[in-house]
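Below you'll find the structure, written out as structure tokens, and then a few comments.
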Amino acid sequence: MRQQLIRWFGAALCVSTAFIFTVPAVAQNDAAVKNYPDKPIRLVIPFPPGGATDVIGRIMAQELSKTIGQQVVPDNRAGDSGNIGADMVAKSAPDGYTLLMGALTSHSINSNLDKDRIKYNLEKDFTPVAVVGVVPLVFVVNPSVPVKNMKEFIAYAKANPGKLTFASSGAGAPQRLAMEMFRYQLGLDLLHVPYKGSGPAMTDLVGGQVLSMSETVPAALQFIQAGQLRALAVTTNKRISQLPDVPTITEATGLPNFDVVSMFGIEAPAGTPKLIVNKLSAEIKTILQRSDVQERMLAAGVYVNYLSPAESSKRITRELNMWAKVIKDANIKAD
């Protein structure tokens, strides 16, 4: 009996001691969440300065710093098509102080195209905070191609199988996969000409060395306006303000629900407290509602398109599934 009492007392003492140490820890964690942020936040930009992801990230960092009570510091961690920075954030503490300015379309494509090498899981290793904007693509041809609209292009391509060329800036580029999605759904035989980057591809397209391409609106707009390229359709689900007279792919071809953009958003490591995620997302939503921010984003070719954490999660899943099908159907391999 005495031994049983001793064992019982010992067990009770262990439980009590654990409780004593656990309660303050929980209280500290709760306080940290409620007081968030109480130190600077790092926003990792997984691409070099100057690109769309960097421009968006710096706008968001600047504006969040004004409203959230702490500095949000941009941190360019470029390399491996954005994978180095993304992997670093995935492995960071889920406390809201390290965030990713993600090129979500590129990350979705990379996750499918090179899944054996990519170290992070886009759905399991991140918590979406908000989609902040999209960059539309436009389908363009050199003016030497004897077509004025998309229906004529399709008819011309079918009458000349394998003769019409299209350029791309890399195997995993959204521009390449948008073209593959388009031609596969319409059964077109187009000849792919790969380039190392968008600049050389656009130079040859304007010069007539290649005949067609899907490119971001910011990269193609000056050539369209100068008459050096002809815009046949935009890849969004509705027309865009910069090219109001250019129809969507769905309008021009009848293909249903064709909506391909380069999507950008902010993500936190998986496990980040919901209170922190929701606070950040609410601040971002308010910022993106301001006309001056929308104008700055549009000047960089980015259309503001806020999505909540739940909406962002659904859109990322859609992107992953869509690109998995395109990559499989077109038998695309990593460079």
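We did not get these values from a lab; they are worked out from the coordinates using the rules stated. Bear in mind the structure is a predicted one, so any value in this text is a computation, not a measurement. Ideal geometry is used to build each Cβ from the backbone, glycine not excepted, and the neighbour counts take in all protein chains shown.
Calculate the all-directions average of the projected area of the range 53-160's alpha-carbon convex hull, and give it in nm².
The orientation-averaged projected area of the Cα hull of the range 53-160 comes to 10.5 nm².
Cβ neighbours within 10 Å, averaged per peptide: list 214-224, 188-198 in order, most packed at the top.
214-224, 188-198
Could you give me the ³J(HN,Hα) list for the range 261-276, computed from phi with Karplus coefficients 6.51, -1.76, 1.60 and θ = phi - 60°, whole Hz, x at Gly and Pro?
Once θ is set to phi - 60°, the couplings for the range 261-276 become 9, 8, 9, 10, x, 9, 10, 10, x, 4, x, 4, x, 4, 4, 5 Hz.
Report the per residue volume, in Å³, of the convex hull enclosing the C-alpha atoms of the range 200-309.
Hull volume normalised by residue count: 141 Å³.
Once both axes come from the Cα atoms, what is the angle between helix 198-207 and the longest principal axis of the chain, in degrees from 0 to 90, rounded to 10?
10 degrees
Taking θ = phi - 60°, what integer Hz values does the Karplus form 6.51 cos²θ - 1.76 cosθ + 1.60 yield along the range 44-61, in sequence order, with x for Gly and Pro?
In residue order, the calculated couplings are 6, 10, x, 9, x, x, x, x, 4, 4, 5, 4, 4, x, 6, 5, 5, 4 Hz.
What's the Cα-based Rg to Rh of the chain, Rh via Kirkwood?
Here Rg/Rh amounts to 1.12.
Starting from the Kirkwood Rh over alpha-carbon pairs, what translational D in µm² s⁻¹ does the range 136-253 have by Stokes-Einstein at 4 °C and 1.567 mPa s?
For these conditions, the coefficient is 93 µm²/s.
Tell me, what ³J(HN,Hα) does each residue in the range 112-126 have, in order and in whole Hz, if you take phi through Karplus 6.51 cos²θ - 1.76 cosθ + 1.60 with θ = phi - 60° and put x for Gly and Pro?
Along the range 112-126, the couplings run 8, 6, 9, 5, 6, 9, 5, 8, 9, 10, 4, 8, 8, 9, 9 Hz.
Can you divide the C-alpha Rg of the range 77-126 by 2.2 N^0.38 Å and report the result to two decimal places?
My calculation over the Cα atoms of the range 77-126 gives 1.06.
Would you mind checking Lys274/Lys314; Lys151/Lys325; Lys91/Lys196; Lys124/Lys285; Lys91/Lys124; Lys124/Lys274 for any pair whose Cα atoms are more than 21 angstrom apart?
Values: Lys274/Lys314 17 Å; Lys151/Lys325 25 Å; Lys91/Lys196 30 Å; Lys124/Lys285 24 Å; Lys91/Lys124 12 Å; Lys124/Lys274 15 Å.
Among Lys274/Lys314; Lys151/Lys325; Lys91/Lys196; Lys124/Lys285; Lys91/Lys124; Lys124/Lys274, the Cα-Cα distance tops 21 Å for Lys151/Lys325; Lys91/Lys196; Lys124/Lys285.
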